[in-house]
Structures are given as structure tokens and as C-alpha cells.
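First up is the structure itself, then whatever we jot down about it.
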Amino acid sequence: MSKHILVAVAWPYSNSDIHVGNITGSYLPADIFARFQRLRGNQVLMVSGSDAHGTPITVKADAEGITPEQVYKNYQPRFLELFQKLGLTYDLFTSTHTENHFKVSQSVFLALKENGLLYTEEQQQWYSPTLKKFLPDRYVEGTCYICGYDNARGDQCDNCGSVLDATQLINPRAKQDGSIPELRKTTHFFVDLAKLQPQVVEFLESRKSYWRPNVVTRSLGWINSQGLRGRAITRDLDWGIPVPIEGWEEKCLYVWFEAVIGYLSAPIEWSKITGEPEAWHRWWTDPEARAYYFIGKDNIDFHAILWPAELAGAGEQFAKIFEGKTGKPLNLPYDVPANEFLNMEDRKISGSRNWAVWANDFLERYDPDPLRFYLTVNMPETSDSNWDWDDFVRRNNNELVATWGNLANRVLSFAYKHWDGHVPSPENPGDAAGLRPADAALLTKIEGGFETVGRLLEAVKLRAALGEAIRLASEVNAYLDVQAPWTAVKTDKAAAAATIYTAIRAIDNLKIMLAPFLPHTCETLHQTLGYFAPLFGEQYTETQSDSLGEHEVLRYRPAAVPARWAPSKLEPGPRLREPKPLFKKLEPSVADEERARLG
Ligand SMILES: [Zn+2]
């Protein structure tokens with residue numbers, strides 16, 4: 001039975017380029033999982049987009065003297081280019097700055113209001129009489145009331161690391177013009193999370209048995225220690241989505257509240273673009289559908305607590321407001337397999353200090369699959385992990401090249417040379433397929449990978465799944481060491497033919513198991529093996545336009561004849577294409593050269 005699977009991927013802030021930590025944190029695991037589920041024959045919808053609103057964008061705009069919209073528009077094409085090079089197969093990568101996202105977010109807000117889950121409250125906030133506006137916390141600087149540091153930001157002190165209450169700053173000044181702000185009253189909408197707490201707890205308890213322990217422990221721990229309290233969902237800012245209430249249009253929906261709504265608005269936009277405006281319901285209101293959220297651990301609270309609270313609170317009211325008809329409740333996340341952090345050479349990654357490997361930059365010098373490989377064998381699934389350039393070179397050479405790349409290249413080149421460019425035919429008269437017991441035993445072992453590797457992928461244990469597939473590749477190497485077709489070809493060509501046919505079948509199986517991790521080289525290998533239809537579909541960009549202007553999106557066209565997660569049926573005889581090495585061995589000196597680029 002084909003299932004509908006929503007692969008919801010963290011939305012990058014469009015104020016900075018993407019580094020390898022971001023990729024292994026959420027984008028790459030999402031793509032591996034999506035590709036696997038497509039091979040399984042499931043109906044996958046993988047969505048994300050740029051988070052274009054909020055003070056991270058306006059701060060950048062002020063620093064560069066451009067508009068917030070221009071900031072987002074500068075990064076969007078860089079994201080799309082990177083995701084295509086890396087092979088991240090978003091069915092739709094859009095942005096939060098679209099008419100559709102505005103409407104969906106405003107409908108969620110109104111649904112919560114209609115359900116009695118919003119209230120207003122007066123707050124004190126810094127106001128600049130010279131700038132004539134309220135100042136978001138990041139826009140106020142002053143002396144930290146905890147450590148006395150005199151250059152603290154309203155939201156956080158960089159000296160002592162404390163999260164601050166901006167209204168308590170000593171000697172506050174406006175970041176923009178140095179003017180002295182005053183505290184004024186402003187009113188905001190709050191979501192009544194206390195009322196939604198029982199539903200959130202029930203949701204977490206129902207997922208506890210299969211979620212990653214860190215995600216469950218952190219989420220329930222927060223609720224048990226302090227309980228859920230009302231949280232502001234509007235703010236005084238002029239870059240964002242207007243509050244959809246008369247007299248409130250000058251205020252915006254708070255970015256933490258609206259950015260997560262992208263997981264709902266992107267499928268709706270995708271449905272409109274594909275000409276089937278109701279299609280999103282198959283992923284969002286069918287209770288059999290499953291939604292997986294791929295995020296980093298810094299986002300657990302938003303995805304495991306706040307977003308489920310928004311969804312449970314909006315419920316069926318959302319469809320009534322958005323589509324004007326009675327709807328079904330919105331699905332809550334099935335799983336939130338959050339990753340921990342990747343460090344860089346034993347230090348925390350820091351974009352501003354250039355202590356990072358930038359993905360666009362990396363792909364100027366290397367192919368995408370070695371990056372995908374290293375970021376998977378090193379994925380911070382259960383604890384923080386570390387990018388180490390020596391380790392990168394070693395694992396590239398010893399595992400990717402030696403265990404897998406050389407296996408494929410050696411066997412196919414040998415067949416190409418000795419059997420005139422064809423898959424050889426085994427001719428053991430005792431077996432219908434012409435195989436000897438050792439051949440059949442190897443194939444049984446390798447085909448078992450569809451079960452073992454598949455089970456690990458299904459459970460989002462990607463690191464272990466790749467490890468198991470590579471272990472199976474070394475089984476083929478061990479088999480070849482025993483059978484030694486390289487010498488047998490001179491003395492017993494029939495035996496060599498049986499060995500090489502068996503090894504090609506094993507490689508054809510491993511190609512499918514490795515394809516979610518190494519899609520580019522597996523596609524090349526697939527062609528070398530003589531197949532005509534590609535393994536996967538194609539990525540492409542296009543321009544969408546609405547009342548807010550034009551926006552570039554990334555899309556995915558599925559393969560016409562999709563490949564399947566199932567044992568190879570490769571027969572003897574087909575013509576091979578000339579094999580070429582899939583990967584490059586790296587010189588150990590590369591590590592020092594690369595380290596010199598850091599910092
Ligand atoms: Zn401080």
C-alpha cells in the first residue's frame with residue numbers, strides 16, 4: 001500500500017549562506033529519507049523554503065543599507081543553486097514571502113482566535129521618539145543587568161550569554177541612531193498555550209515509544225518543569241505578515257509563529273502550482289498520512305511543542321476559514337528526528353568567524369556525493385559530531401573509494417574488457433539461474449540488505465543504514481578475494497563468468513541501497529549497467545508570481561518509470577556502457593590546505 005509522506009525540512013533564514021552543519025543537521029537527512037520513500041513507492045512531498053521575515057533579516061538589511069526584501073532575494077538563488085548541485089530533491093522550495101503563505105498564516109491565526117485560543121495583553125516595550133517606532137529587542141543595546149557588560153543586546157548578552165528581558169537593560173539606546181528610547185505600552189496577541197497543554201502532552205506521550213530520546217526528554221522536560229504559558233504571536237515590526245484584524249494592520253505576526261506555518265502553506269502552494277488545489281489534503285488531513293520534520297536540536301521546542309500546539313488549536317477551523325467549508329483536523333507530526341550539532345575541527349561552527357565549511361564553496365572543489373557520504377557517516381544523530389579534514393580524506397579514500405567505488409569500477413571494467421562490453425552469463429548446469437552455491441549465497445546475503453538497510457532507513461537511522469550498505473559492499477569484496485576471477489579468467493572462463501555475473505548483480509542491488517545517500521554516482525552507475533530510464537527524477541527552478549511580486553522556486557519532476565527498492569533482476573547479456581571511476585582518491589595534504597581556509 002502506497003503511503004503519503006510529508007517530508008518537512010527546516011526553513012533556512014535568508015540572511016546567510018549555508019554551511020555543512022546546516023546540511024547534515026536537516027537538509028541532507030530529509031533528502032535521503034525522501035529518496036528512500038520514493039524508491040519504496042510511497043507518495044512523497046518534500047517541502048521547505050526561505051524564512052524571509054523577522055529581525056534577523058531586517059538587521060542584515062540595515063547593516064547593508066538595502067531593503068529586507070532585497071536581503072531575501074539575494075540569498076534565494078544561492079540556496080536554489082546549492083540544493084540542485086547537492087541533489088536535495090524538494091518537491092517545492094519556496095519562501096515565506098508569498099501571497100499564499102500570508103493567507104495561510106493569517107487563516108491559522110484566525111482559526112486560533114475563532115477557537116478562543118488567543119488573548120491580548122499589554123506589554124512594556126522600548127519606543128524611540130526620534131525613529132517614531134517600537135524597537136524589537138535586538139534593536140536596543142545597553143548595559144547587561146546581570147554582568148554589567150556595556151554592549152549587551154536587548155535579547156541576549158554576548159558577554160555572559162544570558163537571555164535578557166530587554167525592558168531591564170541599563171542605559172538603553174537605539175541601535176539604529178543611538179537615541180534614548182522610552183518604555184511605552186503596546187498591546188499584542190498571545191496564544192493561550194496553557195489551554196493547549198493537555199493536547200500537547202497527549203501528543204508527546206503517544207509518540208514517546210519511537211521518537212529519539214533527546215527530543216522526547218527535552219519536550220516533556222520543558223512542560224513538566226514550567227508548564228506552557230501564553231506566548232506573544234504578534235510584534236511591532238514593519239517587515240512581515242500583517243495581523244489580519246482591523247486596526248492591527250501595522251503589527252506583524254511574530255516570525256516564530258508564522259515560519260513554521262510554511263510546512264502547511266508550501267504543500268498548498270505546491271497543489272496550486274500542479275493544478276490540483278485540493279491535493280495537499282492527502283498529506284495534511286488524511287489520518288493515514290505521516291509527516292516527518294527534519295530539524296536541528298535548536299529547533300526542537302518549535303517543532304515538538306509550539307507547532308503541534310498551533311495545529312491542534314487551529315484544527316478543523318482552519319479549513320473553514322481558508323476554504324470556506326467544513327474540514328478535517330490537521331495532522332500532527334508523526335516524527336521529529338532532530339539532529340544534534342556538527343562541530344568543525346573540534347570547535348563550534350561560527351559563520352561570522354568563518355569557522356565553517358561553506359557548501360557552495362566546497363562544491364567548487366569537490367563532487368557532491370563525497371560530501372553526502374561524509375556528512376552521513378558523521379551525522380550527529382544522537383550526539384554532537386565533528387568535521388575533521390583528516391578524517392574526511394581518510395573516509396573518502398578507505399571507505400567510499402576503496403570499499404565501494406573500486407568494487408564497482410573493477411568488476412565492470414573487467415566485464416567490459418573480457419566479455420566484449422556485456423554482462424557475462426553464468427553457466428552452472430546444476431542451477432536454473434546457472435549459479436554455483438557460493439554465488440547464490442552471496443546474492444541472498446546482499447538481497448537481505450533491502451530488509452536490514454530498509455528497516456534502518458524507515459526508522460531514520462541513516463548513519464547505521466549507510467554503514468550496513470557499506471558492510472555489504474565489503475562482503476562482495478571478500479567473495480571476489482576467494483573467487484579470484486582476475487586469474488580464473490585465464491584458466492576457467494566459465495567460473496570467472498559466474499563470479500563476475502554474481503558480482504554485477506550484487507553491485508546492481510547495492511546501487512539501489514546506496515542511491516538515497518549517493519544519488520549522483522548511483523545514477524552514473526545505473527547508466528553504466530545499461531539501464532535507460534534514470535533512477536530518480538529531475539530538479540528544476542521556475543518563477544512564480546503573485547500580488548507580492550515574483551519568487552523563484554525549486555521543484556522536482558518525478559521519474560516517469562521510478563526505480564524500486566527491490567532486488568535486482570539483471571539478466572546476463574545486456575550491453576554495458578564504458579565504466580569510469582565513480583570517485584577520486586584524495587591526497588593527505590588536502591587536509592592541511594583545507595584547514596588553512598578556516599577562520
Ligand atoms: Zn551579561
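The values are calculated or read from the model by the stated rules, or taken from the named source; none is laboratory data. Keep in mind that what you see is a predicted model, and the values were worked out from it rather than measured. Backbone-built Cβ (ideal geometry, glycine too); neighbour counts: all protein chains shown. Each accessible area value is taken on the protein alone, full model and side chains, heavy atoms only, with ligands, DNA and RNA left out. Shrake-Rupley method; radii C 1.70, N 1.55, O 1.52, S 1.80 Å.
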Legend entry - Rounded Å value of the spacing that divides the Cα centres of segment 540-558 and segment 153-196: 37 Å
Inset, instruction - Let me know the longest stretch in the chain that avoids all GluC sites (Glu not before Pro) found in a DSSP loop with at most 13 other C-beta atoms within 10 Å. - result: 289-599
Legend entry - For K175, net neighbour charge (Lys/Arg +1, Asp/Glu -1) across residues whose Cβ lies under 12 Å away: -2
Legend entry - Potential extension, K585-L548 segment - 0.36 nm per residue separation minus Cα distance: 8.5 nm
Inset, instruction - Could you list, by residue number, the cysteines of the chain that have no other cysteine's beta carbon within less than 4.7 Å of their beta carbon? - result: C252, C522
Inset, instruction - Tell me which residues come under 5 Å, amide H to amide H, from K175 once H is placed; ignore anything under 5 positions away on its chain. - result: V140, E141
Legend entry - Phi-based couplings in Hz for segment 124-135 (Karplus 6.51, -1.76, 1.60; Gly and Pro marked x): 8, 9, 5, 10, 9, x, 6, 7, 6, 7, 6, 9
Legend entry - Gyration tensor (alpha-carbon) shape descriptor, segment 237-300, a/c threshold 1.5: oblate
Inset, instruction - May I ask for the net charge around A166, where only other residues with Cβ less than 11 Å from the Cβ of A166 are counted and Lys, Arg are +1 while Asp, Glu are -1? - result: -2
Inset, instruction - Give a residue-ordered list of calculated ³J(HN,Hα) values for segment 287-297 (Karplus: 6.51 cos²θ - 1.76 cosθ + 1.60, θ = phi - 60°; whole Hz; x for Gly, Pro). - result: x, 7, 6, 10, 10, 10, 10, 9, 8, x, 5
Inset, instruction - Calculate for the chain the 222 nm mean residue ellipticity that helices alone would give, adding -39,500 (n - 2.57) per DSSP H run of length 4 or more and normalising by residue count, nearest 500 deg cm²/dmol. - result: -12500 deg cm²/dmol
Inset, instruction - Would you work out if segment 146-278 is rounded, prolate or oblate? Take a ≥ b ≥ c from the square roots of the eigenvalues of the alpha-carbon gyration tensor; rounded if a/c is under 1.5, else prolate when a/b is larger than b/c, oblate otherwise. - result: oblate
Inset, instruction - Take the alpha carbon atoms of segment 310-340, find their center, do the same for segment 438-458, and report the distance between the two centers in whole angstrom. - result: 38 Å
Legend entry - Local net charge near H53, Cβ-Cβ under 11 Å (Lys/Arg +1, Asp/Glu -1): -3
Legend entry - DSSP beta bridges in the chain [antiparallel fraction, %, rounded to 5]: 65 percent
Inset, instruction - Give me the Debye-computed log₁₀ of I(q)/I(0) at q = 0.17, 0.18 Å⁻¹ for segment 306-431, equal point scatterers on Cα only, no solvent, two decimals. - result: -0.96, -1.01
Inset, instruction - Please name which of P380, N409, Y366 has its Cα lying farthest along the dipole of segment 353-456 towards the positive end, using unit charges on Cβ (Lys, Arg +1; Asp, Glu -1) and the Cα centre as origin. - result: N409
Inset, instruction - Starting from the residue with the highest accessible area, list D346, D137 in decreasing order, probe 1.4 Å. - result: D346, D137
Legend entry - 18 Å Cα-Cα reach of K132 towards aspartates and glutamates, excluding residues that sit fewer than 8 places from it in its own chain: D62, E141, D177, E182, D236, D238, E249, E250
Inset, instruction - Please report how far the C-alpha centroid of segment 101-122 lies from that of segment 203-219, rounded to the nearest whole angstrom. - result: 27 Å
Inset, instruction - Set the Förster radius R0 to 25 Å, insert the Cβ-Cβ distance between K493 and R577 as r into 1/(1 + (r/R0)^6), and round the FRET efficiency to 0.05. - result: 0.65
Legend entry - Cα-Cα over 27 Å, subset of K60/K133; K251/K328; K85/K461; K208/K320: K251/K328; K208/K320
Inset, instruction - Taking 7 Å along the Cα-to-C-beta vector as the label spot, tell me the A484-S2 distance in nanometres, rounded to one decimal. - result: 5.1 nm
Inset, instruction - Set the Förster distance to 56 Å, then compute FRET efficiency between S179 and A441 from the Cβ-Cβ distance, nearest 0.05. - result: 0.10
Legend entry - Under 28 Å from the Cα of K417 - lysines, other chains or at least 8 residues apart: K445, K490, K493, K511, K569, K580, K584, K585
Inset, instruction - Return the FRET efficiency for the residue pair Q156, V561: r is the Cβ-Cβ distance, R0 is 56 Å, and the value is rounded to the nearest 0.05. - result: 0.60
Legend entry - Built amide H within the under 5 Å cut-off of M344, gap 5+: I349, W387
Legend entry - Distance (nanometres) between label positions extended 7 Å along Cα→Cβ at N214 and E475: 3.1 nm
Inset, instruction - Multiply the residue separation of E593 and E316 by 0.36 nm, subtract the distance between their alpha-carbon atoms, and state the gained length in nm to one decimal. - result: 94.0 nm
Legend entry - Residues whose placed amide H lies under 5 Å from that of Q156, excluding near-sequence neighbours: L164
